[in-house]
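To start, the structure itself, in structure tokens.
The values are calculated or read from the model by the stated rules, or taken from the named source; none is laboratory data. As the structure is a computational prediction, the values presented were derived from the model and not from experiment. Cβ sites come from the backbone with ideal geometry, for glycine too, and all protein chains shown count toward neighbours.
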Ligand code: ATP
Ligand code: MG
């Protein structure tokens with residue numbers, strides 16, 4: 001019997017639903033309130049506040065399938081089971097069931113529902129160290145379920161431990177389940193280093209709380225957090241021995257075979273290139289579906305890096321110059337039913353992916369030639385200057401230069417690259433400052449006023465546009481004006497702009513005192529808006545303007561809104577997909 005992705009996901013969610021878990025939807029690929037990471041990397045990510053103790057509205061048992069992106073795994077892509085984009089099945093207990101039930105549930109799901117023979121499974125448990133004891137309990141539970149001793153390995157913190165997310169907080173040992181993915185019979189004794197054992201499921205036991213002094217205390221609320229990759233399980237269930245031969249990749253691989261006139265599996269180098277192209281196109285399409293556009297910073301940079309690396313590998317296969325749209329179509333075909341934003345933003349995805357593709361097509365050949373030339377004359381290491389030139393003039397992401405160099409057993413002076421980059425940005429910033437005369441460090445009385453006005457504007461936007469999730473996407477204040485970027489899909493109408501102005505001016509007339517409080521980021525997150533570029537446990541300032549606005553912010557601000565004068569919007573425009581910009585002044 002063939003296991004489809006859909007059947008697997010439905011079976012998982014139903015199994016846990018029948019076990020009292022509420023099904024929660026997949027959160028956005030870009031975390032809403034946590035810029036400490038660019039992308040959602042696991043199912044637990046959107047649940048962090050609840051794992052920290054905040055009650056979840058749907059109860060103590062939750063389950064989901066979560067779309068994830070792991071930029072840290074980009075360099076591992078090329079093997080059979082690491083992907084940049086993947087889907088993670090997960091179940092959580094927030095202070096409810098613990099070790100025994102969690103392990104038993106996972107085992108029952110794998111062996112009874114999916115009917116994976118237990119002879120193909122192996123387990124790792126935490127070995128114990130000076131802070132926390134060996135996880136004998138988990139091991140005993142596995143043995144009681146019929147896993148032989150020789151199939152259980154004990155590993156250290158780097159393999160079998162999770163957290164805390166920041167300096168302090170919940171953490172604990174985990175147990176990982178491995179599947180034997182080779183045609184050969186599984187060896188009696190488990191060697192975790194043998195690559196035929198693929199990790200399929202991780203069960204974390206958050207039983208400790210690390211405190212300020214570095215001590216691991218038993219946690220008041222013990223949580224379970226699990227994660228299992230859809231692609232790896234699909235490969236196991238259908239005995240393909242390779243995630244790329246399952247339905248979530250095969251149509252993309254077929255298309256690449258078609259376009260390159262090469263066969264998947266025929267030789268190692270081409271096969272690896274095909275995997276990278278398939279994986280990166282998929283991840284790129286998902287990032288584009290969040291309305292990100294390729295750029296040189298943050299999400300846009302990851303997107304650019306993925307598209308350009310796919311293109312570079314397409315040259316190894318002699319693929320046609322424009323192929324990305326064809327692959328994007330395959331991705332949308334596979335996932336469109338479950339991710340409606342892929343369909344909704346289809347035209348945007350095609351347009352942006354082709355734009356980036358033709359842009360890089362213009363420079364890649366001469367860039368590769370330049371690289372060849374300098375690689376020949378470089379000893380051991382490429383200089384930072386050369387890496388920067390490849391970046392600046394030929395659009396080679398630094399990671400691409402590093403990869404190209406590695407293929408020739410060369411290193412790259414990445415520190416040198418970074419200082420070149422900083423020096424360059426410094427130059428352009430000085431040039432900008434020269435032109436506009438007022439820099440970012442200007443904290444005069446006028447900029448302080450404009451800063452407070454920015455908070456009023458932010459809240460007025462949420463109210464007038466009836467969109468409570470409006471967030472700051474950027475802000476720049478000079479002595480003359482404020483500039484505020486925020487997430488919104490369309491141009492604002494004249495009427496809306498008027499209403500926003502009026503609301504801000506009303507709050508100025510009300511002469512509201514501005515209050516400053518210090519609290520932990522966890523407390524702040526409960527009530528305040530803001531850019532959460534903070535670590536857990538860190539203290540932050542929250543500025544409140546009556547009960548109208550509450551924002552996490554470093555300040556400074558005026559002490560009363562009456563000091564602001566009259567607020568006027570001078571311009572509204574689009575700056576990127578889904579991002580609008582308002583410029584305003586105080587008279
Ligand atoms: P690995 O050691 O294989 O990289 P991991 O320890 O990083 O895995 P976890 O962070 O424990 O994995 O994630 C939980 C599960 O999610 C894994 O057991 C695996 O099934 C899946 N998973 C993790 N990373 C990836 C990836 N890059 N591609 C596909 N599936 C993944
Ligand atoms: Mg990993």
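If the condition is being touching a strand residue (DSSP E or B) at 6+ places or on another chain (Cβ under 9 Å) and within 12 Å of ligand 2 (Cβ to nearest atom), then region 57-71 contributes 68, 70. For region 538-587, the tally of residues that are assigned to a loop (DSSP other than H, G, I, E, B) and within 20 Å of residue 495 (Cβ to Cβ) stands at 1.
On inspection, residue 94 fails the criterion of being assigned by TED's automatic domain parsing to the domain that holds residue 57 and farther than 13 Å from residue 204 by Cα.
Apart from one condition, residue 74 fits all of (1) more than 16 Å from residue 290 (Cα to Cα); (2) in a loop (DSSP other than H, G, I, E, B); (3) within 16 Å of ligand 2 (Cβ to nearest atom); the exception is (2). The number of residues in region 527-540 that are modelled with pLDDT of 80 or more and either farther than 16 Å from residue 473 by Cα or outside the structural domain of residue 460 (by TED's automatic domain parsing) (or both) comes to 3.
Does residue 80 satisfy the criteria of being surrounded by fewer than 22 Cβ atoms within 10 Å (Cβ to Cβ) and within 12 Å of ligand 1 (Cβ to nearest atom)? The answer is yes for residue 80.
The residues listed here are 116, 103, 123; of these, the one that is within 30 Å of the chain's Cα centre (by Cα), in contact (Cβ under 8 Å) with a residue 60 or more places away in the chain and outside any helix (DSSP H, G or I) is 123.
Taken together, 89, 110 contain a single residue that is part of a strand (DSSP E or B), more than 12 Å from ligand 2 (Cβ to nearest atom), under 30 Å from residue 331 (Cβ atoms) and at pLDDT 95 or above, which is 89.
Taking the criterion of being crowded, with 19+ Cβ neighbours inside 10 Å and either more than 28 Å from residue 245 (Cα to Cα) or more than 16 Å from ligand 1 (Cβ to nearest atom) (or both), the residues of region 17-33 that qualify are 21, 24. The set of residues in region 56-74 being free of Cβ contacts under 8 Å to residues at least 12 places away in the same chain and more than 11 Å from ligand 1 (Cβ to nearest atom) consists of 57 alone. Of all the listed residues (53, 72, 59, 43), the sole one being on the phi > 0 side of the Ramachandran plot and at pLDDT 90 or above is 59.
For the residues 353, 316, 364, 343, the requirement of being within 23 Å of residue 78 (Cα to Cα) and surrounded by fewer than 18 Cβ atoms within 10 Å (Cβ to Cβ) singles out 316.
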